[in-house]
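Bear in mind these aren't lab numbers, they're just calculated from the coordinates by the rules spelled out. Quick caveat, the model's predicted, so the values are computed rather than measured. For neighbour counting, all protein chains shown are included, and Cβ atoms are generated from backbone atoms with ideal geometry for every residue, glycine included.
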Amino acid sequence: MAAAGIVSFLLFFFIYTRKIISYLEEITKGIQQITKLGESHRIEVRSGDELGVLAENINIMSDRLQHSLLEERKAVTAKNELITGVSHDLRTPLTSVLGYLEYIEQDRCRDETEMRYYVGIAYQKSLVLRKLIDDLFEYTRVNSGGIPFVLAPLDLKAFMRQLAEEAVPALTAAGMTYEIEDDTESLWIQGAPYELVRAFDNLITNGIRYGRDGKKLQIGLSREGDEAVVRVSNFGEMIAEGDLPYIFERFYRAERSRSQHTGGSGLGLAIAKGIIELHGGVILAVSGRQRTDFIVRLPLSQT
C-alpha cells in the first residue's frame, strides 16, 4: 500500500510539475516574442496563482510597450512630415529669391528701375521666408512642452478690442471692416499675453485672408458657465466639411491651397490650437455657406 501511495504521489507530482514547466515555457516564449522587435503578443492567463499573475503582468507590459512603440512611430512620422512640409514651403520662395538675385547679379536688368523692381520682389519673397521660419520656431516652441508660460490676470474683452484695432490696417487693405458683439460685463482669465496675442492674431489673420468676399470680420465675446467664449467669424470662403477635422493640423493650408492670395505658412492655426490648449482651453471651427466661426473656450479666472 505504501509503495502504491508513493507511486501515485510521484505520478501526481510529475503531472503537476509538468503542467507548471509547460506553462513556464509558454510564458518564456511569450516574453521572447514580445522582446523580438516589439511584436504584439498576449499570454493566456490560466489561473489566479503566482504564474497567472505573472502572465497578466507580462500582458500589461506588452500592451504598454506596444503603446510606446506606436507613439514613437507617430512621432517619427510627424517629424518626417514636418521636415517635408518645411522643405516644400521653404523651397518655393527661396528659389524665387535666388532667381531674381541671379538675374541682377548677371547684369541682365535693362536699367535701374527694372533692377529695383526685381529687388523689391526678392525682398517680398524674403519676408515670406522669414514668416515661415518665425512660425516654424513658434510651432516647435509651443509643441515641445517646454514653453515657459507666465500667467497673469487678463481682461479678455479689452485684449480682443485692442487686437481688433491693431488689425484695422490689414482689414482696410482687404476691403473689410470689423465689429464686436459683446453681451457680458467682464471676462477675466489667467493668460500669457504674448502667447495669446499670437494665437488670436493668427485667427484674425486667417479671417481676413479667407473672408475678403464677406467684407466683414466679426468678434463675439460671451460667458458660458465658467468659461469665456471668443468667436472670430468671417463671411467669405467656406471650409469644406471634409476638411474641418484637419483644419488645425500643421501645413493644412499647404495641402489645400498654395496660391499667393491665400498664402501663409500653414502653421498659424496649429500654433493657435497649441497655445489655447496650453491655457486649458479648446478651439474648434464651424463652417457653413453663410459664415465660418473659430470658437475658443478658455477657463475664467477664479479670483
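Table for the structure above
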read-out	value
Overall Cα dimensions of segment 82-210 - principal axes, largest extent first, Å	63, 38, 22
Segment 152-299: relative contact order in percent, alpha carbon pairs under 8 Å with at least 6 residues between	24 percent
Segments 197-210, 52-65 sorted - mean Cβ within 10 Å per residue, highest first	197-210, 52-65
Segment 186-230 and segment 112-155: distance between their alpha carbon centers, rounded to Å	20 Å
Relative contact order [Cα under 8 Å, 6+ residues apart], segment 139-232, whole percent	32 percent
Most to least packed among 189-195, 110-116, 127-133 [average Cβ atoms within 10 Å]	189-195, 127-133, 110-116
